[in-house]
Each structure stands twice: as structure tokens, then as C-alpha cells.
Amino acid sequence: MILNASGCLDALEAPGVTRTLDAFVTKTVTPLPRRGNAPVRIAEADCGMLNSIGLANPGIDAFVNRTLPQLATLDVPVWVSVGGFTADDYALLCRRLDGLPDVAAIELNVSCPNVASPAEATEEIVVASRAATTKPLYTKLSPAVGEIAAAAEAAAAAGSDGLSLMNTLRGLVLEAGTLRPVLSTASGGLSGPALRPVALAAVYACYRTTGLPIVGMGGVETGRHAVEFLAAGASAVALGTILFRDPGAPVRVRRELEQEARSLGYANPGAVRGAAHDSTGESLPPWTKSPAKLAQS
Amino acid sequence: MRREARSVVAVEPLGPYALVRVARGGLDPGTPGQFFMLSPPGRVLARPMSVCLAPPGELWFLVNPVGSGTRVLARLAVGDRIDVFGPLGNGFRLDVRRPLLVGGGIGVAPFPFLSERLGRPPALLGFRSARHAEAAALVPNAEVVVEPTFVTQQLTPGHDVLACGPEPMLRAVGERAPAAQLAWEAPMACGYGACYGCAVEIRGELRRLCVDGPVLRADEVVGAAREAA
């Protein structure tokens, strides 16, 4: 299953690209409209890019009344990404979306790195959201929380149906001549290839601790990358930064993924899930085991 | 709009700039002022480049090699393949009676194509040095000024102005000619409305230059900014 990462595709501007996805994830919607950050909002880094869009969106009322009915005409399942500053914000957003048949799932953009205890904050947000909706809930976590598996466990315990892993990391790019930050907000979210090993580790850890369905994302550009996310424990992959350069990426990655899975001896991409994990359930690679244990396995 | 891998036909130096010529294949060149996203090999993001000229079988782009992506584009060799995606955005309206092209620096890039479509109207081009001014050779009927003279000093009323150049020049042109068509530039990751990176203030709102522009009426941007200030 191939999705877009939230904020990396405008379905109404690019309906043709959207129809090549198994589900479309919206840009994050907040309770009130947000203008977003002043330019400059993007910058290329050596192996990725920074963005500092600032959750520009029309707010939940305009989204439900104007955007959602248009998205529904595309005949692609719509996952709505929601974001806020308090658990009450998330509950309000989930309640507004709960009864709407055009909403297939809700992604909780729980990525505020400025809270004291991320695991507790995640739990509080998921508990409040769970009480507000029966829609499938995917909790999108930030790697900036430190121990992402603990936040994932908290989300699972609070009733999250799945995880989206992962959000961007904070990064900084300086102008060549002036040595001043390129972005108006100085730092921004780093995405793209630089993120891939970090995201892969997050998927790997959270698959072990929760067993939940996982949408893996972070620098996926090819079918090989996608197959690695499935092996680490993802049940689906989302494309983000690559969509900016290559709107044909969903079709290409899907084709490459099927070829890659077959060439590795799997009947289909779904069968790859968890292949990176030792069947004994231990997380240590074979060469760290004692000879006796290796003999047993 | 389509994205295709195209072959580089030639890269010709022109002053400090590079004229990158690629095989057009099945791509529609669009209208002057529209742009293509060119993917420099090895870079994460593509770069927006307006069409400089679209002779039979080719697309020409004038590149100013000032950053990591544009330097890669300017060093492409004949036969190299690059991904080209477009045409994108809204170009210049061509229903003008007394056109005058006003350009500054690399802002000259869309003018050869525009001049051809408008029947070689007069152009007023400003550059920072005589070497930069070599790019004026691409534009017919051009009067050229070099700093410290600015194009706005030579601008006379009574024209339908179509302008492209650095932001201070565009704002100065817009102050003098509120109905001018101005082609703006912004950092852009995608070119098709996906990234929200290219936000500029249009009619008092932050809007995406790639889908609302890059060509805008001056009073949509310059006047709106003045009222807000």
C-alpha cells in the first residue's frame, strides 16, 4: 500500500497523481485557519530538504465544508491529518470528522518537540482522540522525542490503531555567502534521504514494541527503499520529498517494489513485512549471539 | 504537464550564464513565462526554470550558476539525461497593444520566447556588468543599461509592461506601472502546488507562486503589500 506523506501533495492540484495512491493523506488541518510561516519556507540540504511551512491550512470548518467534498470526488480513500496544541484540540478535530463517510482514517500529527514529556503528551492526545471518534486512528510520531518506541507504546495503549513513522527532524541550512539561516524561522523540518536510516530504525523499534500497523516514511525514493521499510515492520509506505521531484513516484515505486520483493523470493510485497526481525523475537543480529544460541536457531 | 528524461543537446556559455539546450521530445513548451522543473543529477530537489526559447525540437533554459543545483545544470555535458517536468504555472498574457519587455539580470531568461510570440517588441534590459549584459544578445530590439543605471530610470509611460527580474526591480516597475505583468521568482520544491514552499503575498494573502503565478499583475502584489504595510 502506497500513500503520500502529509503535506507533500495537494490532491486538488494534482488529481492524476492522487489517483495513483492507495490513500491520500491531507495536509494537517488545525481547529482554526493558519496563514503559515513567512517566506523563505524551503531549502535544500546536502541529502534532504528543510521545510518550515507552519501548518498553513484553512481550518477545520473550511476543510469539512469545502475541501473534503472535493476530495471525495477523486475516489481515493482520504486520511485526514489533524494537528493542535492541546489534547482538546485533537478531540475537537476528531469529533468533527467522526461521522463523515468521506473520511477513511485520521492521522494524529503528534509532533510537538517542545513538550516536557512526549510519551505522556502522546498518550493524553490519543486518549482524547479515541474518545472522540471510532475512525481508524494513526498516530504520527516525531523522532525528536528521544525514545520513539516508548511514545509508540503509549499511543498503542491509548487506543491508536496504527502508527505513522516518522515525522521530520529539526535541521538548519545556512546561506553560502552570509552564513545566515536560509529559512525565515531559522530551523525547519528535515526530510528526504538523510532521514531514511533514522526512520527505518523507528519502524524497526516500534514494530517490535507495539505490533501495530505502521505507515513507514522518511526518504523513500525507490522500490528497494520501500521493501526495506516493509522488512523493518511497516505495513505500508508513504512518499514525501520524492513527490516534489517526481510526481510519477507512486507508480514507479509500486512497480519497483513488486519486482524487488519477487527478486528476493517473496510472493508479494506484503509477505516482506517483518523480514528484518529475528523469528525468535530477539533484536540482536546473529553475529552478536553466542555460538550455542546460533546453533539453536 | 509531463515529466520526461530528456537529452542535453548543448550547453553554451553566455557571459556568466549557461544556455542549456535539451531535446524537446513530446513536451509542450507552453506559453512564455511558464516554467519547467529541471532535476540536476545528484540533487534532492528540482529547480524551476522558465522557457528561454523553444526552437523546433528543443527547449532552451538560461541558467545562472549561483547555487548547488544551478551549478550542476550549467556543467551538464552533451548527451547527459535530465528529468524535465512542465510546462507549469501561468505565463504572460499576450493580449497587449504596446508591449515593452523590462528585464534585469537573469530575469532576461523568458524574454527570447516572449519576444518571439509578441513579434519582437522593444525591450529594456538592465545588467550589473558588461559581462552579464552579453545575455542581451538573445533578445531582439533591446536597449541595454548597465549599473549604476537602472531600467526604471529609462522607463517611460504608455506601454504594456511585461517584466522579469530581481524583486527590488519588479517592485519599482510595479510602482510605476500598476497594470504591468511581473514574473516573480521564489524557492520552489515541486512546481505543482504540493509543497507550499513558494508562498508569496498576493492580494494580502500568502499564496503559492507556482499555481497563482509566476506571472502576476503588479497591483496584485505591489499594491497589496503597500496597503498591508
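The values are calculated or read from the model by the stated rules, or taken from the named source; none is laboratory data. Because the structure is a prediction, the values reported are computed rather than measured. Counting neighbours? That spans all protein chains shown, and the Cβs are built from the backbone with ideal geometry, glycine included.
Within segment A:86-106, is there a residue that is more than 12 Å from every other protein chain (Cβ to nearest Cβ), closer than 17 Å to B:TYR196 by Cα and in contact with a helix residue (DSSP H, G or I) (Cβ under 9 Å, 6 or more places away or on another chain)?
So in segment A:86-106, the residues more than 12 Å from every other protein chain (Cβ to nearest Cβ) come out as A:86-106.
This time we only want the ones that are closer than 17 Å to B:TYR196 by Cα, so: none.
No, segment A:86-106 contains no residue that is more than 12 Å from every other protein chain (Cβ to nearest Cβ), closer than 17 Å to B:TYR196 by Cα and in contact with a helix residue (DSSP H, G or I) (Cβ under 9 Å, 6 or more places away or on another chain).
Please return the ranges of strands (runs of 3 or more DSSP E) entirely within segment A:168-221 where 2 or more residues are touching a helix residue (DSSP H, G or I) at 6+ places or on another chain (Cβ under 6 Å). Explain how you work it out, then say what you get.
Details: elements: A:169-172, A:187-191, A:214-216.
In segment A:168-221, the matching strands (runs of 3 or more DSSP E) lie at A:214-216.
Would you kindly identify the strands (runs of 3 or more DSSP E) lying entirely within segment B:1-114 that contain at least 3 residues that are among the aliphatic types (A, V, I, L, M)? Reasoning before the result, please.
Numbers: elements: B:2-14, B:17-23, B:35-39, B:47-50, B:58-63, B:81-88, B:99-104.
Result: B:2-14, B:17-23, B:58-63, B:81-88, B:99-104.
Return the total of residues in segment B:137-171 being crowded, with 21+ Cβ neighbours inside 10 Å and of a type in the set (Gly, Ala, Ser).
2
If B:CYS210 satisfies all but one of (1) in a helix (DSSP H, G or I); (2) crowded, with 17+ Cβ neighbours inside 10 Å; (3) away from every other protein chain (no Cβ under 12 Å); (4) not aliphatic (A, V, I, L, M), what's the number of the condition it fails?
Of everything listed in (1) in a helix (DSSP H, G or I); (2) crowded, with 17+ Cβ neighbours inside 10 Å; (3) away from every other protein chain (no Cβ under 12 Å); (4) not aliphatic (A, V, I, L, M), B:CYS210 misses just condition (3).
Looking at segment B:178-193, is at least one residue buried (at least 22 other Cβ atoms within 10 Å of the Cβ) and farther than 20 Å from B:GLN34 by Cα?
No, segment B:178-193 contains no residue that is buried (at least 22 other Cβ atoms within 10 Å of the Cβ) and farther than 20 Å from B:GLN34 by Cα.
If A:SER111 satisfies all but one of (1) modelled with pLDDT of 95 or more; (2) closer than 28 Å to A:ALA152 by Cβ; (3) among the hydroxyl-bearing types (Ser, Thr, Tyr), what's the number of the condition it fails?
In the conditions (1) modelled with pLDDT of 95 or more; (2) closer than 28 Å to A:ALA152 by Cβ; (3) among the hydroxyl-bearing types (Ser, Thr, Tyr), A:SER111 misses (1) alone.
Just to be sure before I move on: is A:LEU74 surrounded by 14 or more Cβ atoms within 10 Å (Cβ to Cβ), away from every other protein chain (no Cβ under 14 Å), of a type in the set (A, V, I, L, M) and farther than 24 Å from A:LEU243 by Cα in the structure I sent? Before you say what the answer is, go through the steps one by one.
On the way: surrounded by 14 or more Cβ atoms within 10 Å (Cβ to Cβ): yes; away from every other protein chain (no Cβ under 14 Å): yes; of a type in the set (A, V, I, L, M): yes; farther than 24 Å from A:LEU243 by Cα: no.
No; evaluated as a whole, the condition is false for this residue.
What are the residues in segment A:226-268 that are within 14 Å of chain B (Cβ to nearest Cβ) and not in a loop (DSSP other than H, G, I, E, B), if any? Steps first, please.
To start, the set of residues in segment A:226-268 that are within 14 Å of chain B (Cβ to nearest Cβ) comprises A:238-252.
Hits for segment A:226-268 are A:ALA238, A:LEU239, A:THR241, A:ILE242, A:LEU243, A:PHE244, A:ARG245, A:ALA249, A:PRO250, A:VAL251, A:ARG252.
In this structure, is A:SER142 more than 18 Å from A:GLY83 (Cα to Cα) and among the hydroxyl-bearing types (Ser, Thr, Tyr)?
Numbers: more than 18 Å from A:GLY83 (Cα to Cα): no; among the hydroxyl-bearing types (Ser, Thr, Tyr): yes.
In short, no.
Any chance segment A:2-25 includes a residue that's at the interface with chain B (Cβ under 10 Å from one of its Cβ atoms), modelled with pLDDT of 95 or more, in contact with a strand residue (DSSP E or B) (Cβ under 9 Å, 6 or more places away or on another chain) and part of a strand (DSSP E or B)?
yes
Checking the structure you have, find out if any residue of segment A:50-71 is crowded, with 21+ Cβ neighbours inside 10 Å, at pLDDT 95 or above, more than 14 Å from chain B (Cβ to nearest Cβ) and in contact with an Asp or Glu (Cβ under 6 Å, 6 or more places away or on another chain).
No, there is no match, as no residue in segment A:50-71 is crowded, with 21+ Cβ neighbours inside 10 Å, at pLDDT 95 or above, more than 14 Å from chain B (Cβ to nearest Cβ) and in contact with an Asp or Glu (Cβ under 6 Å, 6 or more places away or on another chain).
Any idea how many residues of segment B:40-72 are small (Gly, Ala, Ser), within 11 Å of another protein chain (Cβ to nearest Cβ) and over 13 Å from B:ILE82 (Cα atoms)?
Our first condition is that a residue be small (Gly, Ala, Ser); within segment B:40-72, this holds for B:42, B:46, B:50, B:54, B:57, B:67-69.
From what is left, the residues that are within 11 Å of another protein chain (Cβ to nearest Cβ) are B:42, B:46, B:67-69.
Filter again for over 13 Å from B:ILE82 (Cα atoms), leaving B:67-68.
So the answer is 2.
Condition first: surrounded by 21 or more Cβ atoms within 10 Å (Cβ to Cβ), part of a loop (DSSP other than H, G, I, E, B), at pLDDT 95 or above and out of contact with any Gly (no Cβ under 7 Å at 6 or more places or on another chain). Can you find one or more residues in segment A:27-35 that meet it?
No, segment A:27-35 contains no residue that is surrounded by 21 or more Cβ atoms within 10 Å (Cβ to Cβ), part of a loop (DSSP other than H, G, I, E, B), at pLDDT 95 or above and out of contact with any Gly (no Cβ under 7 Å at 6 or more places or on another chain).
Among the residues of segment B:50-93, which ones are touching a helix residue (DSSP H, G or I) at 6+ places or on another chain (Cβ under 8 Å) and either closer than 22 Å to A:ILE242 by Cβ or free of Cβ contacts under 8 Å to residues at least 12 places away in the same chain (or both)?
B:ILE82, B:ASP83, B:LEU88, B:GLY89
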